[in-house]
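Enquirer: Take a look at this one; I'll ask things after.
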Amino acid sequence: RLDEFVVERNRQLQCYRELLADLPVQLLHLPDDVFSSVHLAVIRLQQATSEQHRQVFEGLRAAGIGVQLHYSPVNLQPYYRVMGFGEGQFPQAEAYASSAISLPLFPGLSAADQVRVAAVLAEQLQAVAPELMA
């Protein structure tokens, strides 16, 4: 069934690509000649502040949408903070974490579910960062 899952994940990624085309987000880009297992559907909020990112993330969660953050910078993890690491040491990793959101992507996710994810994301962006939606 692995081949079926991979085909389905690619279909879901393409569906997100179409649904999110008019939103200020960047979705994972795959070259046309690449057939990926599409482990995650990561979007990056374009030009959003860290606070706007947090609010959109929490708004999606409050709406019952299982979004995640993959991956949090290692230097900000409690274990590594004790070892002397902290904010500002890895600015690119921190910028990624303050803009990335992993959308639901799994076998069995329906097109209707994806439409709802896109609609709630648009609502959250409009509520939290209307200037980005213009």
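Enquirer: I need the full set of residues from the range 14-32 which are surrounded by 14 or more Cβ atoms within 10 Å (Cβ to Cβ) and either without any contact (Cβ under 8 Å) to a residue 60 or more places away in the chain or not in a loop (DSSP other than H, G, I, E, B) (or both), in order please. Give the derivation first.
Expert: Of all residues in the range 14-32, those surrounded by 14 or more Cβ atoms within 10 Å (Cβ to Cβ) come to 15-17, 19-20, 23-28, 30.
Result: C15, Y16, R17, L19, V25, Q26, L27, L28, L30.
Enquirer: Identify the single condition in (1) under 15 Å from G108 (Cα atoms); (2) outside any helix (DSSP H, G or I); (3) not β-branched (V, I, T) that N10 does not satisfy, given that it satisfies every other one.
Expert: (2)
Enquirer: Let me ask you something else. Which residue is farthest from Q92 (Cα to Cα), if the candidates are limited to the range 54-68 and must be of a type in the set (A, V, I, L, M) and either part of a helix (DSSP H, G or I) or open to solvent by 60 Å² or more (accessible area, probe 1.4 Å) (or both)?
Expert: A62
Enquirer: In addition: Can you confirm whether the range 35-53 contains a residue that is at pLDDT 95 or above, under 13 Å from the mean Cα position of the chain (by Cα), surrounded by 12 or more Cβ atoms within 10 Å (Cβ to Cβ) and in a helix (DSSP H, G or I)?
Expert: Scanning the range 35-53, I find at least one residue that is at pLDDT 95 or above, under 13 Å from the mean Cα position of the chain (by Cα), surrounded by 12 or more Cβ atoms within 10 Å (Cβ to Cβ) and in a helix (DSSP H, G or I), so the answer is yes.
Enquirer: Continuing with this model, one more query. Anything in the range 69-81 that is open to solvent by 70 Å² or more (accessible area, probe 1.4 Å) and not in a loop (DSSP other than H, G, I, E, B)? List them, or say none.
Expert: Going through the range 69-81, the residues open to solvent by 70 Å² or more (accessible area, probe 1.4 Å) turn out to be 71, 74, 78-81.
Across the range 69-81, the qualifying residues are V74, P78, Y79, Y80, R81.
Enquirer: Just one of L76, L45 is under 25 Å from P130 (Cα atoms) and of a type outside the set (V, I, T); which is it?
Expert: L45
Enquirer: I need the full set of residues from the range 94-134 which are open to solvent by less than 40 Å² (accessible area, probe 1.4 Å), small (G, A, S) and either farther than 16 Å from A21 by Cβ or part of a loop (DSSP other than H, G, I, E, B) (or both), in order please.
Expert: Listed by number, the residues that qualify are A97, S98, S99, A100, S102, A129.
The values are calculated or read from the model by the stated rules, or taken from the named source; none is laboratory data. Since we're looking at a predicted model, the values are computed, not measured. Neighbour counts are summed over all protein chains in view; Cβ atoms, including those assigned to glycine, are modelled from backbone coordinates with ideal geometry. Note: areas computed on protein heavy atoms with side chains; ligands, DNA, RNA excluded. Shrake-Rupley method; radii C 1.70, N 1.55, O 1.52, S 1.80 Å.
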